[in-house]
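Quick note: the coordinates plus some simple rules give every number you see, no bench work behind them. Because the structure is a prediction, the values reported are computed rather than measured. Cβ atoms come from the backbone with ideal geometry, glycine included; neighbour counts cover every protein chain shown.
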Amino acid sequence: MRLRIYSDLHLETRSFSPPPGSYDVVVLAGDVHEGTEGVRWARTAFPETPVVYVPGNHEHYGQTLPEVAPRLREAALGSSVYVLERQACVVEGVRFLGCTLWSDFDLLHDRGRSSREAAARGLDYRAIKSADGRRFLPADAARAHKEAAAESVPPDYLVRPRAAAYASHLDPLVELSGADLWIHGHVHRRCDYWIGDTRVICNPRGVGDESVDDFDPLFTIDVG
């Protein structure tokens, strides 16, 4: 099976037309668009191709947290788009598992400082509401898209407390998972490396005028 992989298209800031190519499944690893617009776009952009869609934090903007996944699934009804939020699906014999991975703020082993920095500067905690209508807080994220290893974070960013809002130290989980491929988004940096026998991939476009230099609109990988 050949996968075409994208994340962080941020269609709320500028449009994107996928180039033609040979692939069997499209994987959209979050931050495609805000709300359900990303699913609607995927239905139009890939009408004949299965799409595995995992929401990122931007899909939650302006929404109440528990309502996001049901709304995305409703928007995907009658299409070949599979919305995965703590769920799995099997496409042509290949099993996909997906969820929005919120941070535990422990990447730098200073959860208090990292949480305070995220609350003060992170848009997530102003643009997303919890089930009871209150503002989404770092404490909610810590017990609930983001990358699973520090290697995905730009080295110059790892010295900042906010780096813990972008990744969690899940290297042991990745290694024990036995997965052939671990795909993530959120960080606007192209990644391709290995943790044990698992290949970790991120192919983000970036937001607005902040293009990722090595974003590859034709990127594919074979699995299975």
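All other residues whose Cβ lies under 14 angstrom from that of E210 are scored, Lys and Arg at +1 and Asp and Glu at -1, for a net of -2. Restricting the range 23-97 to GluC sites (Glu not before Pro) that sit in a DSSP loop and have at most 12 other Cβ atoms within 10 Å of their own Cβ leaves E48, E92.
Summing Lys and Arg as +1 and Asp and Glu as -1 over all other residues whose Cβ lies under 12 Å from the Cβ of A76 gives a net charge of +2. Here C99, C202 are placed in order of increasing Cβ neighbour count within 10 Å, fewest first, which gives C99, C202. Any idea what diffusion coefficient the range 1-46 gets from Stokes-Einstein, in µm²/s, Kirkwood Rh on alpha carbon pairs, 4 °C, 1.567 mPa s? Roughly 117 µm²/s, to the nearest whole number.
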